[in-house]
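Laboratory data are not the source of any read-out in this text; all were calculated from the coordinates shown. In this text the structure is predicted, and so the values were computed from the model without any measurement.
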Amino acid sequence: MTGHLLLTSLHANHTIAAVQRLENLGTGRALIAQSIHLVLVQRLVRKLCSACRKLDPPVPALLESLVARGIVDKGQQTLPRAVGCDACGGTGYVGRAAVVEALQINDAVREAIAAGRSLADVHDIATETRALTPFIDYARHLLQKQIISASEVLLSVAD
């Protein structure tokens, strides 16, 4: 409201839940709608060791879980997995990566928040206007880039 950019953090499981969290802290919907430009929620997952990760045919049960969630196609031939080497201390993982859900507050989302629409409606509007990038989309990207394993993808999108 003062023209200053403020970055802050609060705990929320999803981007839409951040709106509710701000309401619970006593902030009115009009002020929330006027003030927020972007909400990011992150979940940290283990990164595959680039020195030893390996592409293997997926285990049927794992592939079935990934297909059911729309993360990979049924014909997926290989998936990255952890192996273990000296570089990673035999774990197959080095460091962490953030799987992010992003909500850009566009005009439609801003109007829905200001009008006091339900959070489910705000979520639907954000999805329809492509203002919401869900965890699953970013997790899929990290899997395709072989940065994280399929099991880490499933952990990051579990609710």
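Give me, ordered by chain and number, the residues 5 or more places off residue 79 or on other chains with an amide H under 5 Å from its own placed amide H.
Distant-sequence amide H within range of residue 79: 56.
Would you pull out the residues with amide H under 5 Å of residue 96's amide H, same chain only if 5 or more places away, H placed 1.01 Å from N?
Amide H neighbours of residue 96: 47.
Please list 3J(HN,Hα) in residue order for the stretch 93-106, calculated via the Karplus relation 6.51 cos²θ - 1.76 cosθ + 1.60 where θ = phi - 60°; whole Hz, with x for glycine and proline.
Here the 3J(HN,Hα) series is 10, 9, x, 9, 10, 8, 9, 10, 10, 10, 10, 8, 8, 8 Hz.
Add -39500 (n - 2.57) for each DSSP H run of 4 or more in the chain, then divide by its residues: what number comes out at 222 nm, to the nearest 500 deg cm²/dmol?
Dividing the helical sum by the residues of the chain leaves -11000 deg cm²/dmol.
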